[in-house]
Amino acid sequence: MSWVFLKRSLARANTRTMRRYTSYAEQLKAQLSQARRQCMDDNDRFSSSHLSSRMQPTSKDIFPNTELRLSKVRTYGFDYDYTLARYTDKLPSTIYTMLRDVLVTHMQYPPALQALKYDNTFAIRGLCYDRETGWLFKLDSNYNIAMDTVHYGREPLRDLEEVYSLHNGPHVSADYFKTQLNQLNDIYSVPEATLLADVIQYFSEHSIPFHPRYLAEDIRTAGEYIHKGDGISMSPLHSTIYLDRAPEILQMLSTLKREGKRLFLLTNSGYSYVDAGLSYMFGTKAWRDVFDVVVVGARKPGWYQSQRPFRLVPTSSSHTQPWAPVEHFEDGQVYAGGNLDSFTRATGYADRNVMYFGDHIYSDLRDPSVQRGWFTGAIVSELNHELRVIQRTSYRQLVSYMQVIEKLLKHSQQQTRSLEFTQITESEKDAFRRQLDEGRAERRRARWQLRDCFNSNFGSVFRTEKYPSLFATKIRAFANVYTADVSNLGAYASDFVFYPKRMTQAHETRMPEVDDLLDELLP
């Protein structure tokens, strides 16, 4: 949907409704009807096939939040899970099943819970779980609750007045956010959120009393149990059915190495888990040769502030004394634990020359960027789905339709201040107000349809109607760039400069002619 189309649509609507209607209500009704026809009935107008291919973002792109000159980057670091490691769609279901079974077999939860099955359509990343109420919901960039996303169990909360009563409105205070909400920000948290909802639904349907805080704590404990500090080290998750091969990632890393860049791997996962995964994905057991330093079992985010020492990790190709102190890093060795200060001293990597890629807002992005000034890149695999949605004709139609409705409602409300409006009868004014209410109701219906384009329960990972989601806001705050897959870095020259998109504020006008100019300038 272009700004030009929006402006022309409003102009046509206003021109055609200049005819003398018997009432303001009739005029607004006609305008809204015309807006629906123009936006929702003309599929060809909104087809993305009309857009130049260079104007359409793809999942191969890297999206900048800040200006970034890759020529300044001398050292690249990478997380393992969901950054270098590409997991298949089978993994979330297996994590859900393992968490569920630990609740039953180790924590005495009802055996009937083992009948629960993972639903990959229910939750998204970036949700919040209220440990006092058991609600799942999404927050926007202003810490306001997206009211059409509030769920208790698997069902939308029926009485939203409960939310308004608890918070005196939709806004969550900083203190409540810090003390009562769990942020479900990583990929692993999607099956966690689904299990939370499923167990609450079961308890509610069977009138089983419980406290939402204890349930959340138990599921987190179950997660720690299956991770055991060594990645998801329990069989069968070592199996290659949970990993996709990734030769292009190895190619990207090798290219950086040839260009003189220093590379390191920094992960919370254990060595045996990482070794099995990268050997399979890269198709070689010599994957360590591409990295200058390999650190496993780091325990991020504590790693950035701790004083825990490094220790050597025994590997099949080395004869080590894992109890010996580590004063410096040696080629070909693998290290566990450690901390950021010791890492910097041992490697000599200058803070502002380092760029680190990871998927977790707090473990991978916030602390290295805030504490040491590292450049950071966020891996957000959900971009694949989000980009497919926003390029659909139906989505573009809905966005246009909702924005035209809003402009018409704004124009109509401004008419109530005119001298002519003050002279009409009260019954005409009431009819006009009812039509305004109908316009607002139609806007709500369009908003719900837009939400459902992404996920019928929680909508887009990146936005809550008008505003960025809190998850997207954190990505913007702590990541210089974000992309769907780390291999996309290989498409950019080592001296490439990323320029962020100019953000339009409410009082500013957009520049619709830019795309037209680019069509003329670029072949």
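The values are calculated or read from the model by the stated rules, or taken from the named source; none is laboratory data. As the structure is a computational prediction, the values presented were derived from the model and not from experiment. Backbone-built Cβ (ideal geometry, glycine too); neighbour counts: all protein chains shown. Areas reflect the complete protein model, heavy atoms only, side chains present, ligands, DNA and RNA absent. Shrake-Rupley method; radii C 1.70, N 1.55, O 1.52, S 1.80 Å.
Observations
- Every pair of residues 6+ apart whose Cβ atoms lie under 9 Å, when the first sits in region 391-418 and is under 14 Å from Asp437 (Cα atoms) while the second is basic (Lys, Arg): Ile405/Arg36; Ile405/Arg440; Ile405/Arg443; Glu406/Arg443; Leu409/Arg440; Leu409/Arg443
- Candidates Ala193, Ala197, filtered to the one that is buried (at least 19 other Cβ atoms within 10 Å of the Cβ), closer than 25 Å to Thr267 by Cβ and not basic (Lys, Arg): Ala193
- Failed item in (1) of a type outside the set (Gly, Ala, Ser); (2) touching a helix residue (DSSP H, G or I) at 6+ places or on another chain (Cβ under 6 Å); (3) surrounded by fewer than 16 Cβ atoms within 10 Å (Cβ to Cβ), with Val313 passing the rest: (3)
- For region 404-418, taking the residues that are of a type outside the set (A, V, I, L, M, F, W, C) and touching a helix residue (DSSP H, G or I) at 6+ places or on another chain (Cβ under 6 Å), the one that is farthest from Glu442 (Cα to Cα) is identified as Gln415.
- Residues located in region 252-274, provided they are in a helix (DSSP H, G or I), in contact (Cβ under 8 Å) with a residue 24 or more places away in the chain and either over 17 Å from Lys285 (Cα atoms) or in contact with a Ser or Thr (Cβ under 8 Å, 6 or more places away or on another chain) (or both): Met252, Thr255, Leu256, Lys257, Tyr271, Ser272, Tyr273, Val274
- Among the criteria (1) modelled with pLDDT of 95 or more; (2) closer than 30 Å to Tyr242 by Cβ, the one Ser189 does not fulfil is (1).
- Output for region 354-372, where each listed residue is out of contact with any strand residue (DSSP E or B) (no Cβ under 6 Å at 6 or more places or on another chain) and either open to solvent by 10 Å² or more (accessible area, probe 1.4 Å) or of a type in the set (A, V, I, L, M, F, W, C) (or both): His360, Ile361, Tyr362, Ser363, Arg366, Asp367, Val370, Gln371, Arg372
- When residues in region 433-456 are screened for being touching a Lys or Arg at 6+ places or on another chain (Cβ under 7 Å) and either open to solvent by 70 Å² or more (accessible area, probe 1.4 Å) or free of Cβ contacts under 8 Å to residues at least 60 places away in the same chain (or both), 0 of them pass.
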